[in-house]
Amino acid sequence: KNPSCVSKMSSSNNNNKVAVSTSEQQYILQGCQDGCRSDGRSREEFRHYYSIVGDFDLSYGSARVFLSTGESHVLVSVKAELVVPATSAPEEGVVDVHVDFMHPQTKGGNNNNSNNSNELESTLLNLLVPHLVDKKELCIAPDHYVWKLNIDIFVIMSGGGSLLDVCSQGIHAALKQTLLPNISVVPAEGGGDRPTIQVDSDIQAAKKIPGVENAPVVVTVSLLRMGKIPILIVDATAEEEACAFAQIHVVLDRSRDAEPTICALHKAGGGAVPFALLQQVTSFCLEASGSSRIVVSESMHHLLQDNF
Amino acid sequence: RRLIEISHLLKRALEATILLQLYPKSRIQVQVVVLADDGGRLCAAINAASVALVDAGIPVKDILCACSAGYAGGGTDTTLVDLNRQEESSHAGQNAVCLPCAMLPQRGTLVLSQCEARLPDFVTMDRVLEAAMDGCRAVFDILQAAIRERASVLLGMRDGHGTVVNSFAV
């Protein structure tokens, strides 16, 4: 392994990157340029992720997203509670994200992990969470009761790369299936101005979060450079990410009927990206997600139920 | 702090069942991740760990099983088995009677037994302990059935039957 090639792409989160030798790097770059990556995919093709939805009975909604090889495996659980809204936004609910990594067995891994989870958490919080759900829909009684959605992500394996994408897929799958109890508000009577709420414990009356089918997903476009020519790929593996000089996280809204639309953009990584390239990135992203939709199959649940 | 205590108890319970003399100068590391908790955390951890050991192929004296039992005093005088979180939690200032117990079911020996609350007398304690041990035996049936099923699937794979679907052997 050649340590100098890793330091060339040094940035603050160098520790996360897989170490690649110069020959591996050449191989990957050449493959991406020719449109045939190391696993045979084209530049805009996604991997086939599997999901199991609704596993956890204690959560309001849950999903597991993983690759068939088990290189990436993420669990997402959504729990909801009633809270008093913030005074600055009395008619809006709250959505909170927390990320946990499975403890690695190696002794040196501890420092990296807290950095990793904080970074992932804050990126998700700032990038994806504001667009996930219309917070006004989470309001029950303005000034008194709103829903707070606690999204907990547990990363079991992150070796497959594109962790942000996988987490956002998991959040989307879990939210789509989350059922919130039906709540009816009885206006306050007499003296107090605090209304009482009645929670309907009948599960048939529970409903999904309104508007959650439009919850956006993060698609990460990795930028690699061969000589002076930039190459754009989507859904990068860990090795491809290590060769990338920058990554753009695009928050994409894939509503059923409409064209996919971009909600937010975030540039990660240390490399400089010229502005014209950014436009290329966004059009590439729209193209990629339009043509090859991210396939997440939900059939595993029944398969496992029968056999275990 | 609670977690440290639970880890310690888990360690001691597993030490009682693993044939450690076959592994001199080595360390067996068991990692338990709690995904959801509705009470009975320690017992679930012990059960999961003991099945995981069997799945790993580590020789054990017996499949360690754990179950908790409790006692609802007041007027009712009933023993409860497998307490959930509400039943385990202390209320009205007193600790709830919760006795997680682990045993080696085929040998009938008790490995772990812990209770931090007051019980009225020895007779009640015997009853609660007996209920916990019955619970352990019931858990043993389930664990054993799961292990046997898994073993038959794996043996079938060796002979060429069965398929691997997305890293789960079916």
Inside segment A:61-91, can you point out the residues that are part of a loop (DSSP other than H, G, I, E, B), away from chain B (no Cβ under 12 Å) and open to solvent by 60 Å² or more (accessible area, probe 1.4 Å)? A:Val84, A:Thr87, A:Ser88, A:Glu91
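With respect to B:Arg127, determine if the residue is open to solvent by 60 Å² or more (accessible area, probe 1.4 Å) and in contact with a Phe, Trp or Tyr (Cβ under 9 Å, 6 or more places away or on another chain).
On the way: open to solvent by 60 Å² or more (accessible area, probe 1.4 Å): yes; in contact with a Phe, Trp or Tyr (Cβ under 9 Å, 6 or more places away or on another chain): yes.
So B:Arg127 passes the test.
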Do we find that B:Ile63 is more than 14 Å from chain A (Cβ to nearest Cβ), open to solvent by less than 60 Å² (accessible area, probe 1.4 Å) and not in a strand (DSSP E or B) in this structure? yes
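Given the residues A:Glu239, A:Glu137, which is the only one that is under 30 Å from A:Glu287 (Cβ atoms), within 24 Å of the chain's Cα centre (by Cα) and not in a strand (DSSP E or B)?
Details: A:Glu137 fails: under 30 Å from A:Glu287 (Cβ atoms).
Only one candidate qualifies: A:Glu239.
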Determine whether segment B:18-26 contains at least one residue that is surrounded by 17 or more Cβ atoms within 10 Å (Cβ to Cβ) and either within 14 Å of chain A (Cβ to nearest Cβ) or in contact (Cβ under 8 Å) with a residue 40 or more places away in the chain (or both). yes
Tell me which residues, restricted to segment A:1-38, are at pLDDT below 70, part of a helix (DSSP H, G or I) and of a type in the set (Ser, Thr, Tyr). A:Ser4, A:Ser7
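Quick one: which residue in A:Ile233, A:Ile294 is at pLDDT 85 or above, open to solvent by less than 60 Å² (accessible area, probe 1.4 Å), within 22 Å of A:Leu67 (Cα to Cα) and away from chain B (no Cβ under 14 Å)?
Values: A:Ile294 fails: at pLDDT 85 or above.
Of A:Ile233, A:Ile294, the one residue that is at pLDDT 85 or above, open to solvent by less than 60 Å² (accessible area, probe 1.4 Å), within 22 Å of A:Leu67 (Cα to Cα) and away from chain B (no Cβ under 14 Å) is A:Ile233.
The rows are residues; the columns are (1) surrounded by 16 or more Cβ atoms within 10 Å (Cβ to Cβ); (2) at pLDDT 90 or above; (3) among the hydrophobic types (A, V, I, L, M, F, W, C); (4) in contact with an Asp or Glu (Cβ under 7 Å, 6 or more places away or on another chain).
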site: B:Ser89; (1), (2), (3), (4): no, no, no, no
site: B:Leu99; (1), (2), (3), (4): yes, no, yes, no
site: B:Glu116; (1), (2), (3), (4): no, no, no, no
site: B:Leu143; (1), (2), (3), (4): yes, yes, yes, no
site: B:Ile147; (1), (2), (3), (4): no, yes, yes, no
site: B:Met157; (1), (2), (3), (4): no, no, yes, no
site: B:Val164; (1), (2), (3), (4): no, no, yes, no
Considering segment A:255-277, residues that are over 18 Å from A:Leu124 (Cβ atoms) and surrounded by 14 or more Cβ atoms within 10 Å (Cβ to Cβ), and then whichever is modelled with the lowest pLDDT, we arrive at A:Pro260
Restricted to segment A:148-183 and to residues being within 14 Å of another protein chain (Cβ to nearest Cβ) and touching a helix residue (DSSP H, G or I) at 6+ places or on another chain (Cβ under 9 Å), the residue surrounded by the fewest Cβ atoms within 10 Å (Cβ to Cβ) is A:Gly159
Within segment B:1-44, count every residue that is touching a helix residue (DSSP H, G or I) at 6+ places or on another chain (Cβ under 6 Å) and of a type in the set (D, E, K, R). 1
Please go through segment A:185-221 and give me each residue that is touching a residue at least 40 places away in the same chain (Cβ under 8 Å) and either within 14 Å of A:Ile28 (Cα to Cα) or outside any loop (DSSP other than H, G, I, E, B) (or both), ordered by number. A:Val185, A:Ile197, A:Val212, A:Glu213, A:Asn214, A:Val217, A:Val218, A:Val219, A:Thr220, A:Val221
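The values are calculated or read from the model by the stated rules, or taken from the named source; none is laboratory data. Note that the structure is a prediction, hence the values are computed from the model and not measured. Note: ideal-geometry Cβ built from the backbone for every residue, glycine included; neighbour counts use all protein chains shown. Note: accessible area is taken over every heavy atom of the protein model, side chains too, but ligands, DNA and RNA are not part of it. Shrake-Rupley method; radii C 1.70, N 1.55, O 1.52, S 1.80 Å.
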